[in-house]
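The values are calculated or read from the model by the stated rules, or taken from the named source; none is laboratory data. Everything numeric here is computed off the predicted structure, so don't read it as measured data. Virtual Cβ from ideal backbone geometry, glycine too; neighbours counted across all protein chains shown. Side chains are part of the model used for accessible areas, which takes the heavy atoms of the whole protein and leaves out ligands, DNA and RNA. Shrake-Rupley method; radii C 1.70, N 1.55, O 1.52, S 1.80 Å.
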Amino acid sequence: MTQTQETAIDPWLLSILVCPVTRTPLTHDAQAGELVSDAAGLAFPIRDGVPVLLVEAARPL
């Protein structure tokens, strides 16, 4: 399985997900396998196709 296939996010799901810190929309970075919150300056990982929206799991941008 390629990196992009592992981190594919359903467009509908992406449209309803928001940053747990700022409540702003997230963008999908398929190459990095992350959901990015520009407002919070955080990138949340996607593990086994599941977004991990925990501040403790995020990395700073």
Given a cut-off of 17 Å, what percent of all Cα-Cα pairs of the chain lie beyond it? 28 percent
Evaluate the distance, in nm, between pseudo-label points positioned 7 Å from the Cα of L54 and of V18 along their respective Cα→Cβ axes. 2.2 nm
Determine the relative contact order of the chain: mean sequence separation of Cα pairs under 8 Å and six or more apart, normalised by residue count, in whole percent. 27 percent
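For the chain, which whole percent of the accessible surface, found with a 1.4 angstrom probe, sits on carbon and sulfur atoms? Don't skip to the answer; put the middle values down first.
Details: 2230 of 3920 Å².
Carbon-and-sulfur percentage of accessible area, whole number: 57.
What whole-number value in Å² describes the accessible area per residue of the chain for a 1.4 Å probe? Provide the component values of the computation, followed by the final result.
Values: 3920 Å² over 61 residues.
Per-residue value: 64 Å².
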Local electrostatic count, V52, Cβ distance below 13 Å [Lys/Arg +1, Asp/Glu -1]: -1
Report D29's accessible area, 1.4 Å probe, all protein chains in place, as a number in Å² to the nearest 10. 60 Å²
